[in-house]
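Undergrad: The structure under discussion is supplied below as structure tokens; questions concerning it will follow.
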Amino acid sequence: MKKITSIALLFMLATISMTAQNVIDIVYNGNQATVNLNGITDVTSTVSGANVTIKSKTTTEEYTYRVSGTSTDGSLYIEGEYKLTLQLAGVKLTNASNANGGYAIDVECGKRIAVELEDGTVNTLCDVANGGQKAALYFKGHAEFKGGGTLNVSGKTKHAIRAKEYIELKSSTGTINILEAVSDGIHCGKGKPDYESNYFLMKGGIVNITNVGGDGIDSDDYGAIKIHGGTLSVNIKDDASGLKADSTVTIKDGTINISVKGNDSKGIRANHTVTVLGGKTTILVDGDGSKGIKAKNYKEGESNPVINGGYLNINGGNLNIQCTGDNLEDGTKCVAVSVDADLTQTDGDVDITVTGPEAIACTVDGNKSLTGGSFNTKRIPWKVQTRDYQYDMTVYVAVNNNGVRLANYDKVAVGAFIGDECVGYGIFEDDYGVIRVKSNDESAKAVSFKIYRFTDKTEYDPTTSKAITFANQTSEGEPSNPIVLSCSMKLEGDVNGDGTVDAKDVVEIVNYLMGKKSDKFIENAADANGDDTINAADIVTIVNIIMESSH
């Protein structure tokens, strides 16, 4: 083992001493607070009850303000001209009396503020209701989050978290929960006339945004949104946007789940360009005139800082959009993907499902170029707005077509009905699926089902292996023994009835012509060209169907 030299030991002790000297401790205890400056002379503090005011005159030293303790009527105001670190070390702080402008924490420093969520701690911030403040947690400069702790924020007057410049979540960031906000969950701006200089950037961590009255994340005034990693969940209950950027939205990696409800709502809105490079993004929109993705184009003379946009570029990743709604009376359409300029896809997988008779899968005002990846759209004729119901049950379902269990549900959807009202639907990935059946009435009512086939846009009324009666918080069937819906769907070329036209169907016809008819053989599907005769011409037709579907 190497010996530690006296010089090295002195250096280590000096570093530890310097670190301790650069930390200011702020501790809350009920209706009181204490501040320990630890010998720092260019910082002053004022304490009134549990309301703390810090003023720093340094222009050379980065101080760490370590905040801990609990107060149901306290606040923190920090003013300075140099960058600093705000260390949240297990603080629970509510501003109840409008002190220090109504903020829970207000950092009036126009420089970089490193926000450290101390590992293993839970931090909770709440501002005063009906005040004049911009947010519960406010930064005059740009905020960079790090550390593995948890931060819970409630914005009782406007936003939950707001920075005048950019906000960055580093890969080490723990969990940020926006519990409520009157307006946006997270808001950043203002910026400069360069949409890359002001942004919300997420490199990691977990962010959950719910119960907000405005947008989930809003990058304002030339602002961009960049998701490079982590897990982001946004649940908007009223008409607003999950992600809204005044310039660009770029998704490079991570997992994103956005759910928005309300008329004219948007899952992702960019006032210039949306770019998807990777990650897994799921968007659920439910409302008349709503949009899953909106790439907006503003022209010269219109009141927006970024003009000549409206582009959607997909170069990787997985994008799943479900859109439910009708058109608004003013003509605003309900569209899963609405692009004012050009749509370009070179890679990645896109799956779009729209429900209801008026919802549209995709509109592109400019050029549409799909040269790689997959771009799949489906329309379900039934519309069910899940936000309108308070009770539900679960039904495990499988489909038999002409006596053969479907193994592939790419071409069909299944809807649940009480009377003539659609109360649930499912699109299945396995040989069975799950339908959440909704109702506003707990009384027992018969549940029926319909099957819709995308290929011929035909609706079928199947028989059910077991009568289903609605009962709140119950389930029927199970994955190993689902409720079976049986019908006879004619799918030209699907000779074996597995829901797919492929080489297996060619083999079935060849065997039939050789006198080796199997029990899976469906004659009306084998007559693929519709001439009332099963012969080699049907084999040619099926081969053509297979070749067309492969493009």
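Undergrad: Name the residue that is least open to solvent (accessible area, probe 1.4 Å), counting only residues in the stretch 341-358 that are outside any strand (DSSP E or B) and more than 22 Å from Asn297 (Cβ to Cβ). Quick ask: steps written out before the conclusion?
TA: Taking the stretch 341-358 first, the residues outside any strand (DSSP E or B) are 341-342, 356-358.
Keeping just the survivors that are more than 22 Å from Asn297 (Cβ to Cβ) gives 356-358.
Working: Gly356: 0, Pro357: 99, Glu358: 77 Å².
That would be Gly356.
Undergrad: Taking Gly309 as meeting all but one of (1) out of contact with any Gly (no Cβ under 9 Å at 6 or more places or on another chain); (2) part of a strand (DSSP E or B); (3) not charged (D, E, K, R), write down the number of the exception.
TA: Exception for Gly309: condition (2).
Undergrad: Considering only residues that are farther than 19 Å from Asn177 by Cα and either surrounded by 23 or more Cβ atoms within 10 Å (Cβ to Cβ) or within 24 Å of the chain's Cα centre (by Cα) (or both), which ones fall in the stretch 122-138?
TA: Passing the criteria: only Gln133.
Undergrad: Here's something else I'd like to know. In the stretch 145-164, which residues are open to solvent by 30 Å² or more (accessible area, probe 1.4 Å) and without any contact (Cβ under 8 Å) to a residue 40 or more places away in the chain?
TA: Lys146, Gly148, Thr150, Lys156, Lys158, Arg162
Undergrad: Can you tell me which residue in the stretch 29-58 is farthest from Leu86 (Cα to Cα), limited to those that are hydroxyl-bearing (Ser, Thr, Tyr) and part of a strand (DSSP E or B)?
TA: Kept after step one, since they are hydroxyl-bearing (Ser, Thr, Tyr), are these residues of the stretch 29-58: 34, 41, 44-46, 48, 53, 56, 58.
Then keep just the ones that are part of a strand (DSSP E or B); that gives 34, 44-46, 48, 53, 56.
On the way: Thr34: 16, Thr44: 16, Ser45: 15, Thr46: 18, Ser48: 21, Thr53: 14, Ser56: 13 Å.
In this case the residue turns out to be Ser48.
Undergrad: Could you check the stretch 364-374 and list, in sequence order, the residues that are open to solvent by less than 40 Å² (accessible area, probe 1.4 Å) and β-branched (Val, Ile, Thr)?
TA: First, pick out the residues of the stretch 364-374 that are open to solvent by less than 40 Å² (accessible area, probe 1.4 Å): 364, 366, 372, 374.
The answer is Val364, and nothing else.
Undergrad: Which strands (runs of 3 or more DSSP E) sit wholly inside the stretch 422-506 and have at least 3 residues that are open to solvent by 10 Å² or more (accessible area, probe 1.4 Å) and under 30 Å from Asn535 (Cα atoms)? Walk me through how you get there before you give the answer.
TA: Numbers: elements: 433-439, 446-453, 458-460, 483-487.
Here the list reads 458-460.
Undergrad: So, one more: Quick check on the stretch 507-529: of everything there that is in a loop (DSSP other than H, G, I, E, B) and open to solvent by 50 Å² or more (accessible area, probe 1.4 Å), which residue is nearest to Ser488 (Cα to Cα)?
TA: Of all residues in the stretch 507-529, those in a loop (DSSP other than H, G, I, E, B) come to 514-522, 527-529.
Then drop every residue that is not open to solvent by 50 Å² or more (accessible area, probe 1.4 Å), which leaves 514-517, 519-520, 529.
On the way: Met514: 26, Gly515: 24, Lys516: 23, Lys517: 19, Asp519: 15, Lys520: 13, Asn529: 19 Å.
Checked the stretch 507-529; the qualifying residue nearest to Ser488 (Cα to Cα) is Lys520.
Undergrad: Can you confirm whether the stretch 290-313 contains a residue that is surrounded by fewer than 24 Cβ atoms within 10 Å (Cβ to Cβ), acidic (Asp, Glu) and touching a residue at least 24 places away in the same chain (Cβ under 8 Å)?
TA: No.
Undergrad: Filter the stretch 229-256 for residues that are part of a loop (DSSP other than H, G, I, E, B) and within 19 Å of Lys296 (Cβ to Cβ) and give the result.
TA: Quick first cut of the stretch 229-256, residues part of a loop (DSSP other than H, G, I, E, B) only: 229-230, 237-240, 246-247, 252-254.
Selection gives Asp239, Ala240, Asp246, Ser247.
Undergrad: Would you be able to tell me the number of residues in the stretch 270-285 that are within 14 Å of the chain's Cα centre (by Cα) and crowded, with 24+ Cβ neighbours inside 10 Å?
TA: Qualifying residue count for the region: 4.
Undergrad: Now a separate question. Somewhere in the stretch 295-306, is a residue among the β-branched types (Val, Ile, Thr) and more than 18 Å from the chain's Cα centre (by Cα)?
TA: So in the stretch 295-306, the residues among the β-branched types (Val, Ile, Thr) come out as 306.
After this cut, where a residue has to be more than 18 Å from the chain's Cα centre (by Cα) as well, the list is 306.
Within the stretch 295-306, one or more residues are among the β-branched types (Val, Ile, Thr) and more than 18 Å from the chain's Cα centre (by Cα).
Undergrad: Then there's this: Please find, among Asn327, Asn297, Asn313, Asn367, the residue that is more than 17 Å from Phe454 (Cβ to Cβ), at pLDDT 95 or above, in contact with an Asp or Glu (Cβ under 7 Å, 6 or more places away or on another chain) and of a type in the set (S, T, N, Q).
TA: Working: Asn327 fails: at pLDDT 95 or above; Asn297 fails: at pLDDT 95 or above; Asn313 fails: in contact with an Asp or Glu (Cβ under 7 Å, 6 or more places away or on another chain).
It is Asn367.
Undergrad: Moving to a separate point now. Here is a list of conditions, (1) closer than 15 Å to Glu180 by Cβ; (2) open to solvent by less than 10 Å² (accessible area, probe 1.4 Å); (3) small (Gly, Ala, Ser), and Gly141 meets all of them except one; can you say which number that is?
TA: (1)
Undergrad: Which condition number does Lys170 fail, the rest of (1) under 18 Å from Lys291 (Cα atoms); (2) in contact with a strand residue (DSSP E or B) (Cβ under 6 Å, 6 or more places away or on another chain) being met?
TA: It fails just one condition, (1).
Undergrad: Another question, then. Have a look at Thr121, Thr150, Thr157 and point out the one that is modelled with pLDDT of 95 or more and touching a helix residue (DSSP H, G or I) at 6+ places or on another chain (Cβ under 7 Å).
TA: On the way: Thr121 fails: touching a helix residue (DSSP H, G or I) at 6+ places or on another chain (Cβ under 7 Å); Thr150 fails: touching a helix residue (DSSP H, G or I) at 6+ places or on another chain (Cβ under 7 Å).
One residue alone meets the criteria, Thr157.
Undergrad: Still on this model: Restricting attention to the stretch 78-102, which residues are open to solvent by less than 10 Å² (accessible area, probe 1.4 Å) and over 17 Å from Ala143 (Cα atoms)?
TA: Matches in the stretch 78-102: Val91, Leu93, Asn95, Gly102.
Undergrad: Looking only at the stretch 175-192, count every residue that is of a type in the set (Gly, Ala, Ser), buried (at least 23 other Cβ atoms within 10 Å of the Cβ) and not in a strand (DSSP E or B) and tell me the total.
TA: Here the count works out to 2.
The values are calculated or read from the model by the stated rules, or taken from the named source; none is laboratory data. As the structure is a computational prediction, the values presented were derived from the model and not from experiment. Cβ atoms come from the backbone with ideal geometry, glycine included; neighbour counts cover every protein chain shown. Accessible surface areas use protein heavy atoms only, side chains included; no ligands, DNA or RNA. Shrake-Rupley method; radii C 1.70, N 1.55, O 1.52, S 1.80 Å.
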